[in-house]
Amino acid sequence: MSPEDPQETQPLLRPPEARVPRGRRVFLATFAAALGPLSFGFALGYSSPAIPSLQRTAPPALRLGDSAASWFGAIVTLGAAAGGVLGGWLLDRAGRKLSLLLCTVPFVTGFAVITAARDVWMLLGGRLLTGIACGVASLVAPVYISEIAYPAVRGLLGSCVQLMVVTGILSAYVAGWVLEWRWLAVLGCVPPTLMLLLMCYMPETPRFLLTQHQYQEAMAALRFLWGSEEGWEEPPVGAEHQQLSGVNAVMFYANSIFEEAKFKDSSLASVTVGIIQVLFTAVAALIMDRAGRRLLLALSGVIMVFSMSAFGTYFKLTESIPSNSSHVSLLVPISAEPVDVHVGLAWLAVGSMCLFIAGFAVGWGPIPWLLMSEIFPLHVKGVATGICVLTNWFMAFLVTKEFSSIMEILRPYGAFWLTAAFCILSVLFTLTFVPETKGRTLEQVTAHFEGR
């Protein structure tokens, strides 16, 4: 009898009216696993404050030019694409728990290499290692959480993945105010180290243990997590479409974007963006199991269309102002504009960017990672989620690496209008292809895709 045979898992299935589990350790296990997404959020956000620091205060051997800075921001996503493939392989062979434990090694090693860097190649090598860890964590953490969560809180706990990612990004922005790039890398070692310590005491997921015919261990894991075995059902698993909204370009180059938008304190603007993202991701987590995935995705896409269109309009309105800068610049200094014009356009810029972040946070931020843990059947989970994460991070690499080039070719307004066009496609994609998975079991989701 195969591990996927439903007869093997039948003793653990309960009808919908079964008592909802009350175990609280499932929240502790979720927190431990979500430290992985917190770590990769910090790795993503690290480049925003670190690049200006490396360009201004680093020794000559470490000082980043424009090309090196572009690679410093983008190479983490290339590593994450490779990490997605590795994570898909580890998921079904090493298990969910061990995979999370293993990804702490490249996280800590990568930040340690950056801390000890003596040349640009060590900086890029450290970023590549943290990227590999990001890819593994971004794949395994959602699967682990979905397989330990009971249905009533699956949306809430699944959304914690993105919530921890944006919290990590915000932490890097805030810490970047007071720490230069080397000490910021030291701080990056803390979350994965804490995850390593906590995950050692957490169980493997019951679903994976069942596939390994470890029935007693699966029952013990259920009792540890839920306090009982009642109400257990097969947790579903899933995929995504996300990066062409341009969000990673916004996150990686937040400081640079606001500098181009002529904000005197671009770091403050970046932190404001980070705070908004955390708040609205938390809102999404709270309403996910009530509003449903499909509605939030469509609403999120519509908001991003309007906000990116408005941000592009801001750059279009400021383009005609002549520049007196000695270097090639897309926009002119604040002092060249009349005060009243600057104030009005500045609010258009910050308002549209904040609206974009809020819109992304309530839908296209958390939900693709949640769907990735909901729509794939068990027998293709490792391969399918690996392909999804590979695609996601490869697109993130292309967007992040080429964003500055796109801004030069299309001008800033053209680059942001292009992202608005992709956001329109995201709305159409959602309305046409994305099913509602709220409250559905694995069998119901599978039946939908099989046309039953």
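Less than 5 angstrom separates the built amide H of Met372 from those of Gly238, Ala239, all sequence-distant by 5 or more or on a different chain.
Residues in region 101-108 carry Karplus couplings, in order, of 5, 5, 6, 5, 5, x, 4, 5 Hz; the curve used is 6.51 cos²θ - 1.76 cosθ + 1.60 with θ = phi - 60°, and Gly or Pro positions show x.
If you take the beta carbon distance between Leu418 and Arg223 as r and set R0 to 45 Å, what does 1/(1 + (r/R0)^6) give as a FRET efficiency, to the nearest 0.05? Efficiency, rounded to the nearest 0.05: 0.30. Here the Karplus relation 6.51 cos²θ - 1.76 cosθ + 1.60, evaluated at θ = phi - 60°, turns the backbone of region 355-369 into coupling constants of 5, 4, 5, 4, x, 4, 5, 7, x, 6, x, x, 6, x, 5 Hz, with x for every Gly and Pro. Each label was represented as a point 7 Å from its Cα along the Cα-to-Cβ direction; for Glu408 and Glu436 these points are 4.8 nm apart. For region 365-385, the residues whose amide N sits under 15 Å from a probe point set 7 Å from the Cα of Phe429 along the beta carbon direction are 365-372. Taking packing as the residue-averaged number of other Cβ atoms within 10 angstrom, the listed peptides 208-219, 299-310 run from highest to lowest as 299-310, 208-219.
In plain terms, the residue of Cys189, Cys160, Cys200 with the fewest other Cβ atoms within 10 Å comes first and the most crowded comes last, giving Cys200, Cys189, Cys160. Restricted to Cα atoms, region 116-217 shows a radius of gyration and a Dmax of 17.2, 52 angstrom. Placing pseudo-labels 7 Å out from each Cα toward the beta carbon at Leu98 and Ser67 gives an inter-label distance of 4.3 nm.
Every number here is computed from the coordinates shown, using simple stated rules; none is lab data. Just so you know, these numbers come straight off a predicted model, no measurement behind them. Heads up, the Cβs are rebuilt from the backbone with ideal geometry, glycines too, and the neighbour counts pull from every protein chain shown.
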